[in-house]
1. Could you size up the charge dipole of chain A around its Cα centre, putting +1 on the beta carbon of Lys and Arg and -1 on that of Asp and Glu, and report it in debye to the nearest 20?
2. Within chain B, which whole H helices from DSSP have a Cα span along their axis of at least 30 Å and a mean Kyte-Doolittle hydropathy of 1.0 or more, if any?
3. Under a GNM of chain A (C-alpha, springs under 10 Å), which listed residue has the highest mean-square fluctuation: A:S69, A:S40, A:S79?
4. Do you know the relative contact order of the range A:1-126, to the nearest whole percent, from alpha carbon pairs under 8 angstrom that are 6+ apart?
5. For the range B:157-314, what number results from the quotient of the Cα radius of gyration and 2.2 N^0.38 Å?
6. Compute the longest continuous run of chain A that contains no exposed GluC sites (Glu not before Pro); treat a site as exposed when its DSSP state is not H, G, I, E or B and it has at most 13 other Cβ atoms within 10 Å.
7. From the C-alpha gyration tensor of the protein assembly as shown, pull out the three semi-axes of the equivalent ellipsoid (sqrt of 5λ each), sorted largest to smallest, in whole Å.
8. Using only atoms on other chains, find how many Cβ atoms lie within 10 Å of each Cβ of peptide A:65-78 and report the average.
Amino acid sequence: MTAFTLSPRRRRRLTGIALTVLTYVLLVLMLAPIVWLVLSSLQTRGHLADGVYDFLHPTFAAFGEMWRSVDFGRYFANSLVICTAAAGIATAFASFAGYALARLSFRGSRTFGVSVVATQLIPGSMFLLPLFLGFIWLKQNTPIRLFDTHIGMILVYTAFFTPVAIWFMRYFFQQIPRELEEAAMVDGCTRFVALIRVVLPNAAPGVTATFVYAFLMAWDELLFVTALTEHTAETIPIGIRNFMGNYAEEYAQLMAAGVVSTIPVMIAFFATQRWLVKGLTAGAVKG
Amino acid sequence: MSTHLPTAPIAPPAPSAAPEEAAPEPQRRLTSSRSGRRLAYWLIAPAVVFMVLVHLAPTIGGVVLSFKNLNTFTFSQLFAAPWNGLANYRSILFDSANPLHSGFLGAARNTAIYTAASVGGTLAGGLGLALLLNREFPGRRAVRTLMLAPYVVPSFVVGVLWGFMFQSDSGVINRILVDGTGILSHRPAWLLDHSLLAIVIPTIWRGVPLAMLIFLAGLQSLPRELYEAAAIDGAGPWQRFRYITVPLLRPLIAIQLLFGVIYSAYQYAIPVVMLGGNPGPDADLMMTLIVRQSFSNNLFGFGAAASTLLTLAMLLWVAVWFRAFRRDLDSAA
């Protein structure tokens, strides 16, 4: 245990240091594109066109111009309204359904659980075309306006992200001890009242994480908003594509718009990261 | 499998599995009441209504549409467009004179390549990072958190950013690979000549953090004694990885394969932002093809038929996957 053990131990320590260095190098590589996005947004259009950057003189000019070139404020507001409403409603629906799956046994619970997963197997284009035609039909034949309206997009996104939200909420409810609601029910609450007054408050971090996740997904959605909106309810992705179509040379503004569209979701994600990660990993394991 | 080490999963690496499965008894007692059952139906009702209205009914509508002749000339009739029988399918699958036929086959091939490369790269990268992060080193928590950042960048921003970085003349990737280091002697036009690769890389970049997270959760739940026992028996690091880690992570690999393939096969945002609505025959994917033919060329019948075929392909994939990984599902359930 003396002279010979030193050498392998030192070798192991060196390997450890090398692996740590490698980890940090990979971290830098993973973050580099994001850093590049931010750096590019702080350059002038000319620097970006040349590919020669002036890092010593960053300018926030692009962040001012981008709101004027394209009506980015409107896209941003639309995204906020539609995604907040859809994520909120989806989380509410998912809280109910997730509770039923986690705690109650009812005929069809298995079918329901499988259907929730099955919704993820269908390509968006499969229901996009009929939804589009249906929205157009409603517009032509009834006073119901879903095509190119906030309500229409909120309904669609609510439905999209409810299944994943159900899976999240089911997991978070399973983490809460049954005794809580049992005690409330012994005290005379109905189960529903116990759910609202006792279980949900205790699941608050999970509810928040579910809301944030649904919000991230809705914020990211491009396909449906492309097909189902025209010029009223378009969200940020459409604004970005407008930028690319009409201001192809304005790279600094495009990068600035990229930064602005990323900041809200970054903040939301990292603020709720601890719980979100639990939902994400549990969701994968549970499928 | 020529090892004395156990190869069957011992404990499913399910970080969440412990608490809720502890007490199945009270569940049965509590919930068999009729009022509990009625409440359950009320609780799932809103979700069911939305899933029927936005998932189920339109999917049926899509299948119906795939047998219709809905194009520019019949668009005003919407769902009352004339029936077309199997003509949409026939032209896609067998009519070699029809440009839609070659377009579909090309997009199917590209989608298969894109999916295999993205999922393979994402899982390999995620597992590699997870193994690196599953050690004690200074700053580990911060590194783990920061690694998640690419996952939070919206897909359309990922497309904008990488499309910008991949630019041939002024893009930073060529500035580094050609001007900075001289690794490449010419300036590749990534978005034109290597367009499939150009969309695979950002897809992996955005997907790796989630895979890392899931693998890391799995690794941290692996029984430590197993590794110690194997080390005492003389198993090297590679053998321990091959015969302990991989088998125990199989359920996690399985589930990520399942959803990774589906998610990649339906990818739309990153390709369309980077390459536009018509990426050309080298990188046209199923979704870009379907959306373009449906909404730019008003070939809704074609779009619906192609979507139905894509759905069938995915059902086939789920069946294959289920056969391959059934054993792992049992152990994880």
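Quick note: the coordinates plus some simple rules give every number you see, no bench work behind them. Since this is a predicted model, take the numbers as computed values, not measurements. Here the Cβ is made from the backbone with ideal geometry for all residues, glycine too, and neighbour counts use every protein chain on show.
1. Dipole of chain A, to the nearest 20 debye: 1420 debye.
2. Correct list, ordered by number: B:195-220.
3. A:S69
4. Reported relative contact order: 11 percent.
5. In units of the globular-protein estimate, the range B:157-314 measures up at 1.41.
6. In short, A:1-229.
7. Those come to 38, 36, 25 Å.
8. Average per residue, whole number: 0.
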